[in-house]
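Quick note: the coordinates plus some simple rules give every number you see, no bench work behind them. Everything quoted here is computed from the prediction, not taken from an experiment. We place every Cβ from the backbone using ideal geometry, glycine too, and count neighbours over all the protein chains shown.
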2 protein chains.
Amino acid sequence: MSLALDPAAQDLLFREARTANAFTDEPVTDEQVQAIYELVKFAPTAFNLNSLRIVLVRSEEARERLVPHMWDANQAKTGSAPLVAILAADNEFHEELPRLLPHFPQAKDLFYTERPVREKDAGFNAALQAAYFILGVRAAGLAAGPMTGFDFAGVQKEFLDDDHTPVMIVNIGRPGSDAAFPRSPRLAFDEVVTTV
Amino acid sequence: MSLALDPAAQDLLFREARTANAFTDEPVTDEQVQAIYELVKFAPTAFNLNSLRIVLVRSEEARERLVPHMWDANQAKTGSAPLVAILAADNEFHEELPRLLPHFPQAKDLFYTERPVREKDAGFNAALQAAYFILGVRAAGLAAGPMTGFDFAGVQKEFLDDDHTPVMIVNIGRPGSDAAFPRSPRLAFDEVVTTV
């Protein structure tokens, strides 16, 4: 069974792309990040929520504030990656919703008056967008190093506010030598998929 | 700024692909779903959790049990899509973890002895994998119609069990005529990305 997506693109995004743990010194530019965003922004979210927000940690000063919040095993790679992105969920996304969902502007008041409901949907849709973002980094010919091994409360306090919840931190750059661990096994199709 | 991913692949996955609300009668085969899975299974999850599970609703009998749990606006499209997939999170994913994470088998007992912790990470990583799956459907040249507008508790009771939580339901097929709504706006780069 062949896919419509050409094999080189399959390799670039899925098969040969690997989580990188070491990077070259080549910088990642704002233009590259914008090109990634302008591509992956089109992928779907529920009610077009667009709840993902991104903080690019570019200055040395900001990097030094971030690294201590990473788990020990992640500190060296986050300290040396050309660029680090904090992905967060905007729990007040509903303020933008009438503009984002012009055919159903009442969604804001019908569904999202309560903060816990907003937090749940903001987090879920930011997770979808985080996955799109990882593939977007790969689409730019770069390697992503996504991590959830950090102090979420500490990163929120240091870089965000009460309305923004961290989702993931992603190291971004060109992979260095021996950048990836051996690939771990995946579940087989029959272990994941059942038919009724 | 040009991306490494070729423009035809960008269009197929992101730019021209749209959420479909109507489908042709062309069937979606098990071989197509397997080809999708064998591609997207390589995309990363935290600790290689692989918490996504998929129930393909293929029989008429199963379809008739599913449709009443969809919100009214989703019943017709779920009733007529060539194939419907229930995406779920396996909250007991940790049983597979020593096999999936051979270099760190102690993760199972270090992190995942408590069910609420498992539910959180199962849901988050299944959301990542749901996003990969949507793009995989598009990679197969098909259209996805992802939905969260359904009775989650009802679908869980009817098709899953206490250990599996619904994440999303996806209609799959070739788009019919006028299958997509006009595309809603996205947030601009500067509204989403800040630099520190």
Original post:
So, of the residues in segment B:131-149 that are assigned to a helix (DSSP H, G or I), at the interface with chain A (Cβ under 7 Å from one of its Cβ atoms) and touching a residue at least 24 places away in the same chain (Cβ under 8 Å), which turns out to be farthest from A:A46 (Cα to Cα)?
Top reply: B:A139
Subject >> Complete set of residues in segment A:9-35 that are assigned to a loop (DSSP other than H, G, I, E, B), more than 7 Å from chain B (Cβ to nearest Cβ) and either under 17 Å from A:P82 (Cβ atoms) or in contact (Cβ under 8 Å) with a residue 40 or more places away in the chain (or both) >> reply: A:A17, A:R18, A:A20, A:N21, A:A22, A:T24, A:D25, A:E26, A:P27, A:V28, A:T29
**OP:** Give segment B:102-112 a look and list any residue that's surrounded by fewer than 14 Cβ atoms within 10 Å (Cβ to Cβ) and either within 25 Å of the chain's Cα centre (by Cα) or in a helix (DSSP H, G or I) (or both), or say none.
**Re:** B:D109, B:L110
Subject >> Tabulated pairs, segment A:165-182, first within 12 Å of another protein chain (Cβ to nearest Cβ) and surrounded by fewer than 18 Cβ atoms within 10 Å (Cβ to Cβ), second in a strand (DSSP E or B) and among the small types (G, A, S), C-beta under 9 angstrom, 6+ apart or interchain >> reply: A:R174/A:A143; A:A180/A:A143
**OP:** Using the structure shown, decide if A:L39 is crowded, with 17+ Cβ neighbours inside 10 Å and either under 18 Å from A:A144 (Cβ atoms) or among the polar types (S, T, N, Q) (or both).
**Re:** yes
**OP:** Of the numbered conditions (1) more than 25 Å from B:A46 (Cα to Cα); (2) part of a helix (DSSP H, G or I); (3) touching a residue at least 40 places away in the same chain (Cβ under 8 Å), A:E119 fails exactly one; give the number of that condition.
**Re:** (1)
Original post:
Restricting the search to segment B:6-23, which residues are crowded, with 20+ Cβ neighbours inside 10 Å, among the aliphatic types (A, V, I, L, M) and farther than 11 Å from B:G145 by Cβ?
Top reply: B:A9, B:L12, B:L13, B:A17
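Of the residues B:R99, B:R115, B:R174, which single one is more than 14 Å from the chain's Cα centre (by Cα), among the basic types (K, R) and within 25 Å of A:E119 (Cα to Cα)? So that I can check it myself, show each step before the final result.
Details: B:R99 fails: within 25 Å of A:E119 (Cα to Cα); B:R174 fails: within 25 Å of A:E119 (Cα to Cα).
Just a single option satisfies the conditions, and that option is B:R115.
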Subject >> Subset of segment A:36-74 [more than 7 Å from chain B (Cβ to nearest Cβ), farther than 30 Å from B:I134 by Cα and part of a helix (DSSP H, G or I)] >> reply: A:E60, A:E61, A:R63, A:E64, A:R65, A:L66, A:V67, A:P68, A:H69, A:D72, A:A73
**OP:** Just name the residue that is surrounded by the fewest Cβ atoms within 10 Å (Cβ to Cβ) out of those in segment A:75-95 that are in a helix (DSSP H, G or I) and touching a residue at least 24 places away in the same chain (Cβ under 8 Å).
**Re:** A:S80
Original post:
So how many residues does segment B:150-162 have that are of a type in the set (F, W, Y) and either facing another protein chain (nearest Cβ under 9 Å) or part of a helix (DSSP H, G or I) (or both)?
Top reply: 2
